[in-house]
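These notes concern the structure reproduced below.
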Amino acid sequence: MDEQDWLILQVLYKHKNITRTAQELFISQPSITKRLRQIEKEFGVTIVQRGRRGVHFTPQGEFLAKSAEDILFNFRRIREKVKSMDSQVAGTLRIGVSNYFSKYKLPGILKQFKLKYAMVEFQVTTGWSRDIYNAVYNRDVHVGFVRGDYNWPDQSHLLFEEPLCIASVDEINLVNLPKLPRIDYQTEHIFKALLDNWWMENYSEPPLIGIKVDKVDTCREMIINGLGYAIVPRLIVAKDEEVNKVDITDKEGNRIIRQTWMYYYNETLEMNTVEAFVHFVKEIDLQG
């Protein structure tokens, strides 16, 4: 079996459907069927059985499919190790980035890094911070940029902190906040819990949700157009001079902040590209 065979098993186990597997891997369905027969012949077992709703893995096929993740990881690690044995900083850097960071910080970082190391290419995965944490943990990416503290077990670096603020084009009166229309937006569980805890510590009645949106960027547009207030990271409205901003604080009067971290495994620093990138990011001032 070669690397492509293990990849076919991994993707087919995910979809349980040859058509979808062929589409994802850009391989014809007959080619996939042929490779499966060759794998079955090599091991002397039946791997999959076809049914009306797709394919079903036999116990032997399921074992092989679950082994594919480790085997593909080793293929990738060996390839990267061989490339990094050269002193050149070159190759593909796999980065996981939270949605927020990917818009406001990442483009500038990659632009500056590319100017210094022209032979490096980037493979960027974006998503919620929890998903990026899992991607780094499972070694699907070399470096992850995550908002919030997820108790990372290996190497981490605090990139910046930002206060959370109440933002509105109207004058902000904290006493009257429960009676004012609030713009709510979809966010991560940890961040939502942080806001909910702050609210319960300060008010005995729930907020008056006037509008619900899916993204914080949409929420910002609603704020600018005077449709209500929202509690957002200050960076979201930092350049909007017409928006009033009041940082929220805990009972001791300390500003409530949200941290952004860089996570990675120490062993990945053996690769020149990862080491150069981590060092580069540590030298940048991202607080502004």
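Some values worked out for this structure:
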{"read-out": "Label-point separation in nm, Phe43 to Asn266, each point 7 Å along Cα→Cβ", "value": "3.7"}
{"read-out": "Computed E for Glu201/Gln259 - FRET, C-beta separation, R0 25 angstrom, nearest 0.05", "value": "0.80"}
{"read-out": "Relative exposure of Phe122, Phe277, judged by other C-beta atoms within 10 Å (fewest first)", "value": "Phe122, Phe277"}
{"read-out": "Nearest-0.05 FRET efficiency for Leu227 and Lys192, computed from C-beta distance (R0 25 Å)", "value": "0.75"}
{"read-out": "Ellipticity estimate at 222 nm from DSSP helix runs (n ≥ 4, -39,500 (n - 2.57)) divided over the chain, nearest 500", "value": "-13500 deg cm²/dmol"}
{"read-out": "Net length gained if the chain between Gln23 and Leu158 were fully extended (0.36 nm per residue, minus Cα distance)", "value": "44.6 nm"}
{"read-out": "Whole-Hz couplings from phi, Karplus 6.51/-1.76/1.60, listed for the stretch 179-193; x for Gly and Pro", "value": "9, 9, x, 10, 9, 9, 9, 5, 8, 6, 4, 4, 5, 4, 5"}
{"read-out": "Zero-based 5 Å bins, Cα pair distances in the stretch 162-258, whole percents", "value": "2, 13, 26, 29, 21, 7, 1"}
{"read-out": "Rounded to 5, percent antiparallel among DSSP beta bridges of the chain", "value": "60"}
{"read-out": "Rg in Å to one decimal, and Dmax rounded to a whole Å, for the stretch 3-84 via C-alpha atoms", "value": "13.2, 47"}
{"read-out": "Rough spin-label spacing in nm, given labels placed 7 Å along Cα→Cβ, for Thr218 and Lys34", "value": "4.7"}
{"read-out": "Sorted by Cβ density within 10 Å, fewest first, the residues Trp6, Trp199", "value": "Trp199, Trp6"}
{"read-out": "Cβ-defined net charge surrounding Asn244, 13 Å radius [Lys, Arg +1; Asp, Glu -1]", "value": "-4"}
{"read-out": "The stretch 63-129 versus the stretch 212-288: alpha-carbon centroid distance in Å", "value": "23"}
{"read-out": "Rotationally averaged projected area of the stretch 1-143 (alpha carbon convex hull; nm²)", "value": "10.6"}
{"read-out": "Shape parameters for the stretch 74-154, alpha-carbon atoms, Rg then Dmax in Å", "value": "13.5, 36"}
{"read-out": "Added length on full extension, which subtracts the Cα-Cα distance from 0.36 nm per residue, Glu252 to Ile209", "value": "12.7 nm"}
{"read-out": "Across Lys111/Lys212; Lys212/Lys245; Lys111/Lys282; Lys103/Lys192, pairs whose alpha-carbon gap is larger than 23 Å", "value": "Lys111/Lys212"}
{"read-out": "The stretch 201-288 - Kirkwood radius from inverse mean 1/r over Cα pairs (Å)", "value": "16.8"}
{"read-out": "Residues Asp285 and Val169, FRET efficiency given R0 of 35 Å [Cβ-Cβ distance, rounded to 0.05]", "value": "0.70"}
{"read-out": "Formal net charge of residues neighbouring Arg94 (Cβ-Cβ distance under 11 Å; K, R +1; D, E -1)", "value": "-1"}
{"read-out": "Surrounding net charge for Gly228, when Lys and Arg each add one and Asp and Glu each subtract one, Cβ distance under 10 Å", "value": "-1"}
{"read-out": "Rg ratio (alpha-carbon, reference 2.2 N^0.38 Å) - the chain", "value": "1.28"}
{"read-out": "In Hz, Karplus ³J(HN,Hα) per residue of the stretch 206-223 (6.51, -1.76, 1.60; θ = phi - 60°; x = Gly, Pro)", "value": "x, x, 8, 6, x, 9, 10, 10, 8, 10, 5, 5, 5, 4, 4, 4, 5, 4"}
{"read-out": "Sparse-neighbourhood loop sites, GluC sites (Glu not before Pro) in the stretch 160-232 - DSSP loop, at most 15 other Cβ within 10 angstrom", "value": "Glu171"}
{"read-out": "Tyr150, Tyr264, Tyr104 arranged by Cβ crowding within 10 Å, fewest neighbours leading", "value": "Tyr104, Tyr150, Tyr264"}
{"read-out": "Excluding exposed DSSP-loop trypsin sites (Lys or Arg not before Pro) (at most 10 other C-beta within 10 Å), longest clean stretch of the chain", "value": "54-238"}
{"read-out": "For Arg258, distant residues with modelled amide H under 5 Å away", "value": "Glu162, Leu164"}
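Taken together, the values in this text are just the output of simple stated rules run on the coordinates, not laboratory data. Every value quoted in this text rests on a predicted model; they were computed, and no experiment measured them. Neighbour counts run over all protein chains shown; Cβ positions are idealised from the backbone, glycine included.
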